[in-house]
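To start, the structure under review is shown below, and the notes come after it.
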Amino acid sequence: MILAFVLTMPGRNTWNGKWTGDCELFAIVKNLGQSKAACDKGAALLGHHGYSWDDGWYANIEVREVDSREARRIRAKSRGFWGYGWMVDNLLHHGSTGNEEPSDD
């Protein structure tokens, strides 16, 4: 199972309400393997996960399953993960970003 983790910043505490990364793709692609355990773990992560800071910023990570062609396209276009790769690590190791916000999903 191949997962794409896509970062957005829907909560922005800036003077103009914008984030400098708005027009860029920030993504990490992980191949979890094909075992039942890996697929179960990946399926549990699908959807949206958030992380909020006390200063009003809020990060969203969308996790979706992709095929190998889409994984290559994402890897080629991604600008990294803006220094927030630890959120993906937390999702993979602990099943949450560390301070999940309730989701409407």
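Where a number appears in this text, it was derived from the coordinates with a stated rule and is not lab data. For clarity, every value in this text was computed on a predicted model and none was experimentally measured. Here Cβ is always computed from backbone atoms with ideal geometry, including for glycine, and neighbour counts include all displayed protein chains.
Evaluation of Asp22 against the conditions (1) within 14 Å of the chain's Cα centre (by Cα); (2) of a type in the set (Asp, Glu); (3) over 23 Å from Asn90 (Cα atoms) shows that the sole unmet condition is (1).
Residue count for region 13-42, restricted to those that are in contact with an Asp or Glu (Cβ under 9 Å, 6 or more places away or on another chain) and more than 21 Å from Ile74 (Cα to Cα): 1. Val6 falls short on exactly one of the conditions (1) without any contact (Cβ under 8 Å) to a residue 24 or more places away in the chain; (2) buried (at least 17 other Cβ atoms within 10 Å of the Cβ), and that condition is (1).
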